[in-house]
Structures are given as structure tokens and as C-alpha cells.
Amino acid sequence: MNIKYYEKKYETIDRSELSQIQTERLKKTLRLVFSGGGFLKKRLKEYGIKNSGDIEKIKSTDELKNMPFTYKSDLVNNYPFGIFSQPLNKIIRIHASSGTTGKPIIAGYTKNDIKIWSKLMARVFCAAGISKNDIAQNAYGYGLFTGGLGFHYGAQELGLMIIPMSTGFTERQLTMMQDVGATVLFCTPSYALFLSEEINKKISDKSNIKLKKGIFGAEPWSNELRQKIESSLKIDAYDIYGLSEIIGPGVAYECIYKDGLHINEDNFFPEIINPETGEVLKDGETGELVLTNLNREAMPLIRFRTKDITRLTREKCRCGRTFVRMDKIKGRTDDMIILKGVNVFPSQIESVLLKLDYLEPVYLIELYTENLLDKMNIIVEPKEEIFNGGEAKIEAATKEISHKIYELIGIRTKITAVPPKTIERSQGKAKRINDLRKKL
Ligand code: DLL
């Protein structure tokens with residue numbers, strides 16, 4: 001296997017050397033937070049780091065586990081710039097995200113932050129075997145979202161040709177993809193799926209489709225969805241993880257072995273915690289990912305609560321990278337569905353549905369209240385031959401789905417079959433849950 005790295009020195013670093021670098025960088029980060037005087041300085045002072053002398057006493061990143069968390073609400077409450085650790089004349093770009101709560105947060109970057117971020121993205125591309133010879137169609141949204149420009153600058157850093165399509169304009173995407181011969185696709189997994197449907201529907205002669213690989217992220221997606229995308233687009237699909245608060249895409253990425261996502265640990269310190277108690281969990285245990293910036297100037301965050309659920313492994317990867325790996329994200333704590341005391345994530349339901357060949361790989365979960373109880377209705381789209389094949393076929397299908405979901409969560413749920421192409425296709429992050437429950 002031909003394994004490529006962008007910054008081999010870091011990506012394959014000896015773990016004891018890595019821990020030294022992490023400790024030094026943590027101290028550097030805390031000094032920045034202190035000299036910047038933003039909101040986090042106040043928080044750390046309350047915790048007991050009073051001055052630079054206290055920072056110098058820090059012996060290792062172990063000490064992080066006693067430090068206070070930073071929450072998304074801290075960013076919201078200090079909107080727009082109260083969380084920055086640098087004066088505004090050092091900030092050369094901002095991004096923004098409204099996330100699931102609808103309240104905006106702003107992420108700031110210095111010149112150096114953008115340089116570092118671009119290199120982290122170049123690592124992502126190399127790990128997936130993408131090179132200068134590739135032509136990338138970037139269908140992540142350009143603008144305030146970190147996806148478009150994050151991928152763009154990474155591609156520029158590595159030196160490959162990038163087509164800055166942004167999201168949407170599907171007809172144009174397909175024309176450009178063929179005219180230019182794009183070999184790589186960047187977008188959300190749900191948009192990749194939609195593009196594949198359109199290609200298969202509208203393009204009979206596929207000789208000008210040259211796609212080989214795709215890097216997909218920004219939303220949870222199951223391995224079953226990966227298989228669907230890979231087989232319908234005939235490509236090799238990789239996962240990438242990131243979030244605006246911490247930097248954007250490029251926090252973690254898959255290598256060719258696709259056995260978990262390597263976290264860029266020289267830049268981000270990961271912990272897994274019990275989301276209810278805040279207690280730090282051991283490697284292998286599933287919980288909420290907490291991230292600390294180790295190498296960021298404009299807006300370093302200490303112990304940011306991502307709300308994303310995963311687990312870590314430090315077992316050696318066959319690619320030679322020594323960075324810790326995290327499992328594909330299972331879901332967000334705020335997307336977890338609790339039915340009769342059972343916890344379930346949309347991604348688990350997705351895994352069940354996408355194994356059924358007679359369904360289109362799209363779905364929507366509706367939550368509603370009946371007789372004061374929370375209930376779930378899973379809306380599915382049977383393929384044409386099933387949907388138009390008569391009542392009996394539809395009934396047999398919904399019965400089987402209901403049974404499979406019962407096997408997963410031990411609860412009977414309503415399954416609604418809708419005509420082909422009814423469920424809205426997403427161009428960005430897909431909406432998987434429609435919450436119709438009456439709020440008390
Ligand atoms: O989604 C950054 C990004 C852009 C990542 C392009 C990958 C590709 P936000 O809009 O701030 O940033 O959303 C961050 O999206 O906390 C996760 O809940 C979710 N997320 C991001 N990547 C993945 C992934 C970008 N690979 C939030 N798997 C995060 C599952 C993901 N969830």
C-alpha cells in the first residue's frame with residue numbers, strides 16, 4: 001500500500017514526544033488566553049489559574065481534566081468577539097455557525113491560524129490518497145460555513161486544482177464535473193447521495209464522470225450510507241470531522257484503512273467524558289467528545305463540549321499514524337431520541353434502513369406525542385417497484401422494517417411508506433428528525 005503523509009514528522013510522531021509537544025502547546029495556549037483577556041481568562045481565574053506563574057507550574061495535559069469546560073452557550077453569550085484571545089486587527093477572517101440551537105457563534109482566525117488549518121486539511125487529503133494530480137469539485141457551502149473555504153485552502157496548500165462550486169445548482173455541478181473531469185468530490189454525505197441519484201437518472205453515458213474519491217462530513221453518516229455512496233458513485237468515500245468552534249473541518253480524518261478517524265492530536269487534545277457527570281472516561285468507553293485547542297491564536301478553546309458521541313482507541317493503525325483514533329460519530333447528545341427509556345441515535349436507525357435493498361437510502365424520523373407518551377414514526381421511501389406493486393407489497397415491507405427496528409430498540413414504532421422522491425433531498429446537512437412533540 002502506498003501510504004502518504006503531509007507532515008509525517010507529526011502524523012507519525014512518537015507518543016512520548018507528542019505528549020511533550022502537547023504540554024508545551026497547552027501552556028502556550030493558556031498564556032495566549034491570559035494575555036488576550038477574553039471571557040476564558042475570567043473562567044480560568046475563577047478556577048484558580050491566577051497568573052503566568054500558575055501556568056508555568058503545569059506539568060502535563062493530565063491537568064486539563066480538572067479545568068472548567070467551555071460550552072457553546074459561552075460563545076453565544078460572548079457573541080460576537082468576547083471569546084477572542086487576540087485584538088481584532090490580528091483577525092483576518094471569521095466564520096459563523098448557527099448550529100442546531102439557531103443562535104449564532106463566531107469563529108475567528110489569525111493569518112497563522114489559516115496557515116495551520118490549511119496544512120491540517122492537506123493532511124486529510126494525503127491520508128485519503130489525494131494528490132496534486134487530482135481535480136477537486138468542492139460542493140461544500142462557501143461563505144460563513146467553514147466547509148467551503150476550509151477545503152478550498154487545504155486543496156490550495158496541497159496544490160491540486162479546485163473547482164469552487166459551493167453547494168446546490170445540481171445541473172451545473174453535473175456539467176462541470178464532466179467537462180472538467182473532476183476526480184474528487186467534497187460535500188456532505190447526503191448531498192453526495194443526491195448527486196449520485198441525479199447522475200444515475202440524468203446521465204446515460206457516464207464515460208466523462210471521472211470521480212474516484214470523496215471526502216464527506218459535517219453530519220453523522222453510517223457505514224451503510226458509505227457503501228451506498230461508494231457503489232452508486234463508484235468511488236472510495238472517506239469521513240472527515242470538525243466543528244466551527246474548534247477550527248472547522250480537519251479536526252479528525254480517515255486514512256485508507258477507514259478504521260476510525262485520526263485526531264490531529266498535535267493541534268487538538270481530545271477527552272471522552274460522561275455527558276451527565278463530566279467524569280473523564282477511559283479509552284474504548286463511549287461518551288461525549290471534549291476538545292482543547294493546542295495551536296490556535298485567535299480563539300483557543302479549553303475543554304469545549306462538542307456534544308458529539310464517540311469513543312477513542314490508541315491502538316496502532318496500519319497506516320503508521322500514531323494519532324489517537326475516534327469512532328465515526330454516533331450522533332449528538334441533543335439528537336439522541338429517548339423512547340420509553342431507550343436511547344437511540346438516528347444513525348442507528350439509518351444502519352437498519354440502509355441494509356434493506358427495497359428502500360431508497362433516505363428517511364425522516366418524526367417524533368410525536370400520543371396519550372402523553374413520546375412516539376416515533378419512521379418515514380421511508382420504498383423503491384418504485386415496491387411502492388407501485390400494490391398494498392400487499394408495501395405492507396410486507398413496513399412490517400419487516402418495524403420488526404427490524406424492534407430488534408434494534410425493543411419498541412414497536414410506526415413506519416410510514418411514502419411515494420418515491422417525496423422525502424426532501426439535502427444539499428447541506430440533512431435534517432433527520434422532525435420533532436412534533438408538544439412542549440410542556
Ligand atoms: O460541520 C465543519 C465541517 C465541514 C466538518 C465540512 C466536516 C466537513 P459545524 O457546522 O460547526 O462545522 O458543525 C459541527 O457537525 O459538532 C458534529 O455534530 C457534526 N459533524 C461534523 N463532521 C461530522 C462527521 C462543520 N464527520 C458539527 N460525522 C459537529 C458526524 C459531524 N458529525
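The values are calculated or read from the model by the stated rules, or taken from the named source; none is laboratory data. Since the model is a prediction, treat every value here as computed from it, not as a measurement. Methodologically, a virtual Cβ is constructed for each residue, glycine included, from the backbone with ideal geometry; neighbour enumeration extends over all protein chains shown.
Here are a few things to note about the model shown:
- Lone unmet requirement of (1) at pLDDT 95 or above; (2) surrounded by fewer than 22 Cβ atoms within 10 Å (Cβ to Cβ) for G99: (1)
- The condition of being farther than 16 Å from S426 by Cβ, in contact with a Phe, Trp or Tyr (Cβ under 8 Å, 6 or more places away or on another chain) and within 15 Å of the ligand (Cβ to nearest atom) does not hold for A218.
- The range 324-346: number of residues that are under 13 Å from D259 (Cβ atoms) and not in a strand (DSSP E or B): 3
- Condition check for D54: surrounded by fewer than 16 Cβ atoms within 10 Å (Cβ to Cβ) and without any contact (Cβ under 8 Å) to a residue 12 or more places away in the chain: yes
- Checking Y363 against (1) more than 16 Å from the ligand (Cβ to nearest atom); (2) loosely packed, with under 15 Cβ neighbours inside 10 Å, the condition it does not meet: (2)
- Residue count for the range 347-378 under the criterion of being free of Cβ contacts under 8 Å to residues at least 60 places away in the same chain, touching a Lys or Arg at 6+ places or on another chain (Cβ under 9 Å), assigned to a strand (DSSP E or B) and farther than 18 Å from E197 by Cα: the result is 5.
- Across the range 229-286, the qualifying residues are those that are under 19 Å from F304 (Cβ atoms) and of a type in the set (D, E), and the one among them that is farthest from the ligand (Cβ to nearest atom) is E279.
- Subset of the range 171-211 [of a type in the set (S, T, Y), touching an Asp or Glu at 6+ places or on another chain (Cβ under 9 Å) and touching a residue at least 60 places away in the same chain (Cβ under 8 Å)]: T188, S190
- Residue within the range 115-133 that is without any contact (Cβ under 8 Å) to a residue 60 or more places away in the chain, in contact with a strand residue (DSSP E or B) (Cβ under 8 Å, 6 or more places away or on another chain), within 15 Å of the ligand (Cβ to nearest atom) and closer than 20 Å to G428 by Cα present: no
- Any hit, the range 14-36, residues being surrounded by 14 or more Cβ atoms within 10 Å (Cβ to Cβ) and outside any helix (DSSP H, G or I): no
- Output for the range 330-344, where each listed residue is under 25 Å from the mean Cα position of the chain (by Cα) and either surrounded by fewer than 18 Cβ atoms within 10 Å (Cβ to Cβ) or not basic (K, R) (or both): G331, T333, D334, D335, M336, I337, I338, V342, N343, V344
- Yes/no for K399 being loosely packed, with under 15 Cβ neighbours inside 10 Å and either at pLDDT below 95 or not aliphatic (A, V, I, L, M) (or both): yes
- Within the range 404-440, restricting attention to residues that are outside any loop (DSSP other than H, G, I, E, B) and without any contact (Cβ under 8 Å) to a residue 60 or more places away in the chain, the residue that is surrounded by the fewest Cβ atoms within 10 Å (Cβ to Cβ) is E407.
- Restricting attention to the range 416-440, the residues being more than 28 Å from the chain's Cα centre (by Cα) and of a type in the set (A, V, I, L, M) number 3.
- Filtered residue count, the range 287-304, keeping only those that are touching a Pro at 6+ places or on another chain (Cβ under 6 Å) and among the acidic types (D, E): 1
- Hey, F169 touching a Ser or Thr at 6+ places or on another chain (Cβ under 8 Å), under 30 Å from E424 (Cα atoms) and surrounded by fewer than 24 Cβ atoms within 10 Å (Cβ to Cβ) or not: no
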